[in-house]
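The structure under discussion appears below in the form of structure tokens.
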Amino acid sequence: MQVITTHFNADFDCLASMVAVQKLYPSARMVFPGSLEKATQNFLSRHGQVFHFSRIKEIDLDSVNLLVVVDTQDPGRIGLFESILGKPGLEIHVYDHHMDVVKKIPASKAVVCKRGSSATVLFEILSAQAIS
């Protein structure tokens, strides 16, 4: 199972990055690891039917073989997903714009660029691959 996640207290950059990165991983399930910022929560309560998010309790962590993390590299910010980081056979991809992270998620693929948002990093990738 492929999962896309982000950090606790997810903001609009998290939301936009998750939606954007799903274009690169179309079979991945988008899952928030915990709470959302109030504005993000309000937006999804009005427009959430456009997106398909899974609940963390619907995910069998033992079945996750690809974890895609956006807008953070800090393992302490991804909730229950931190517990599977050392799982044998787990592939981890990270897309982030934060440069000053002390402890990083052990990613097999990391795209980290100094930009204003992770959504910008992903926009650049999608644009380069001509993905709308």
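The values are calculated or read from the model by the stated rules, or taken from the named source; none is laboratory data. The structure presented is a predicted model; accordingly, all values stated were derived computationally and were not measured. Cβ coordinates were reconstructed from backbone atoms using ideal geometry, including for glycine residues, and neighbour counts include every protein chain displayed. To get the accessible areas, we keep the full protein, side chains included, count just its heavy atoms, and leave off ligands, DNA and RNA. Shrake-Rupley method; radii C 1.70, N 1.55, O 1.52, S 1.80 Å.
Would you say Phe81 is closer than 15 Å to Val3 by Cα and either among the aromatic types (Phe, Trp, Tyr) or in contact with a helix residue (DSSP H, G or I) (Cβ under 6 Å, 6 or more places away or on another chain) (or both)? Taking the combined requirement at face value, the residue satisfies it.
Do we have Val101 as over 25 Å from Arg55 (Cα atoms), under 14 Å from the mean Cα position of the chain (by Cα) and surrounded by fewer than 20 Cβ atoms within 10 Å (Cβ to Cβ) here?
The answer is no for Val101.
Within the bounds of segment 25-43, is there any residue that is open to solvent by 50 Å² or more (accessible area, probe 1.4 Å) and touching a Leu at 6+ places or on another chain (Cβ under 8 Å)? Yes, segment 25-43 contains a residue that is open to solvent by 50 Å² or more (accessible area, probe 1.4 Å) and touching a Leu at 6+ places or on another chain (Cβ under 8 Å). Whether a residue is in contact (Cβ under 8 Å) with a residue 60 or more places away in the chain and touching a Ser or Thr at 6+ places or on another chain (Cβ under 8 Å) was assessed, and Asp13 passes this test.
For (1) within 18 Å of Ala10 (Cα to Cα); (2) part of a helix (DSSP H, G or I); (3) under 15 Å from the mean Cα position of the chain (by Cα); (4) acidic (Asp, Glu), each residue gets a yes or a no:
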{"position": "Gln41", "(1), (2), (3), (4)": "yes, yes, no, no"}
{"position": "Ser45", "(1), (2), (3), (4)": "yes, yes, no, no"}
{"position": "Val69", "(1), (2), (3), (4)": "yes, no, yes, no"}
{"position": "Phe81", "(1), (2), (3), (4)": "yes, yes, yes, no"}
{"position": "Val94", "(1), (2), (3), (4)": "yes, no, yes, no"}
{"position": "Ala107", "(1), (2), (3), (4)": "no, no, yes, no"}
{"position": "Ala110", "(1), (2), (3), (4)": "no, no, yes, no"}
{"position": "Lys114", "(1), (2), (3), (4)": "no, no, no, no"}
